[in-house]
Amino acid sequence: QVQLVESGGGLVQPGGSLRLSCAASGFIFSLYAMSWYRQAPGKERELVATISNNVGTTNYADSVKGRFTISRDNAKDTVYLQMNSLKPEDTAVYYCNGRRPRVGLPANDYWGQGTQVTVSS
């Protein structure tokens with residue numbers, strides 16, 4: 001059974017930091033690109049950061065570049081999102097995603113249940 005379980009969300013003041021974790025099980029984690037998405041109330045889900053499955057290439061949304069860092073530990077089947085210098089506009093539910101394209105078939109695409117991040121004074 002595939003599971004992605006996020007943790008680490010919470011309430012933080014502007015300028016503060018949080019570290020999100022996503023523990024994966026039920027699939028070969030090292031074969032999957034892992035991403036963090038977020039969805040604020042009334043807005044569409046947006047991609048925050050991605051890390052590749054092999055050499056760990058990372059990509060970030062412009063809105064979080066220089067503040068957020070995505071990393072992974074394939075030995076622990078876990079992906080992280082370190083969030084620094086948090087702003088109120090970072091408030092959202094953050095979702096973990098695992099994706100593996102397949103030739104000629106829809107990609108395997110797995111989602112966690114989400115963790116709430118609230119940035120407020």
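The values are calculated or read from the model by the stated rules, or taken from the named source; none is laboratory data. Everything numeric here is computed off the predicted structure, so don't read it as measured data. With ideal geometry, Cβ positions are generated from the backbone for all residues, glycine too; neighbour counts draw on all protein chains shown. The protein model used for the area step is the full one, side chains on, heavy atoms only, and it has no ligands, DNA or RNA in it. Shrake-Rupley method; radii C 1.70, N 1.55, O 1.52, S 1.80 Å.
Less than 5 angstrom separates the built amide H of GLY114 from those of GLU6, CYS96, all sequence-distant by 5 or more or on a different chain.
Note on the chain: with charges restricted to the Cβ of Lys and Arg (+1) and Asp and Glu (-1), its dipole about the Cα centre is near 140 debye.
Stretched out fully, how many nm does the piece from LEU31 to ALA107 gain, at 0.36 nm a residue minus the Cα gap?
On the way: separation 76, 0.36 × 76 = 27.36 nm, distance 1.23 nm.
The span from LEU31 to ALA107 would gain 26.1 nm if fully extended.
Give me the 1.4 Å probe accessible area per residue for the chain, excluding ligands and nucleic acids, in Å².
Working: 6530 Å² over 121 residues.
Solvent-accessible surface per residue comes out at 54 Å².
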